[in-house]
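Please read the structure below before turning to the comments.
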Amino acid sequence: MARIMALDFGTKRTGIAITDELQMIASGLTTVKTAELMDFLKKYFHDENVELVVVGEPKQKDESASESEVYIKEFLKAFAKKFPEMPVKREDERFTSKMAFQSMIDSGLKKKKRKNKALVDEISATLILQSYLYK
């Protein structure tokens, strides 16, 4: 089987998570500068067998799209152009940043490490992927 990847897309940074080959375990992979995301994905897709990308879908409490959805749609158009064979699914990402921060507290990370926004993005991507896998 191939891996499934999840992206917590942001205008500055994008958190990335990936499954194992059996698609049972979601793990944080890294956070990359969004400006470098396409190059990262190109290399990763070349090196690893990925069958699906799950992209977080930010929504308001009333189910309407969040302001960042505009940027995500632009990214998805560029992604489809660069990787036309790669299927994409969307997954609700409401509260993932808060849940990521709470998981950092629960795991005993010191306050200084909890300020690492890149780590929050990576954990958020992992939560998005877990949500997709365990539906």
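The values are calculated or read from the model by the stated rules, or taken from the named source; none is laboratory data. Because the structure is a prediction, the values reported are computed rather than measured. Methodologically, a virtual Cβ is constructed for each residue, glycine included, from the backbone with ideal geometry; neighbour enumeration extends over all protein chains shown.
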For Val53, only one of the following conditions fails: (1) among the aliphatic types (A, V, I, L, M); (2) closer than 16 Å to Asp8 by Cβ; (3) modelled with pLDDT under 95. What is its number? (3)
Does the range 20-33 contain at least one residue that is of a type in the set (Val, Ile, Thr), surrounded by 12 or more Cβ atoms within 10 Å (Cβ to Cβ), modelled with pLDDT of 95 or more and within 19 Å of Arg90 (Cβ to Cβ)? no
Scan of the range 23-54 for residues that are of a type in the set (Val, Ile, Thr) and part of a strand (DSSP E or B), ordered by number: Thr30, Thr31, Val32, Val50, Val53, Val54
Pairs where the first residue, in the range 22-33, is farther than 12 Å from Ala6 by Cβ and the second is of a type in the set (Lys, Arg) and outside any loop (DSSP other than H, G, I, E, B), C-beta under 6 Å, 6+ apart: Thr31/Arg13
Evaluate the range 78-87: report whether one residue or more is over 18 Å from Ile123 (Cβ atoms) and buried (at least 17 other Cβ atoms within 10 Å of the Cβ). yes
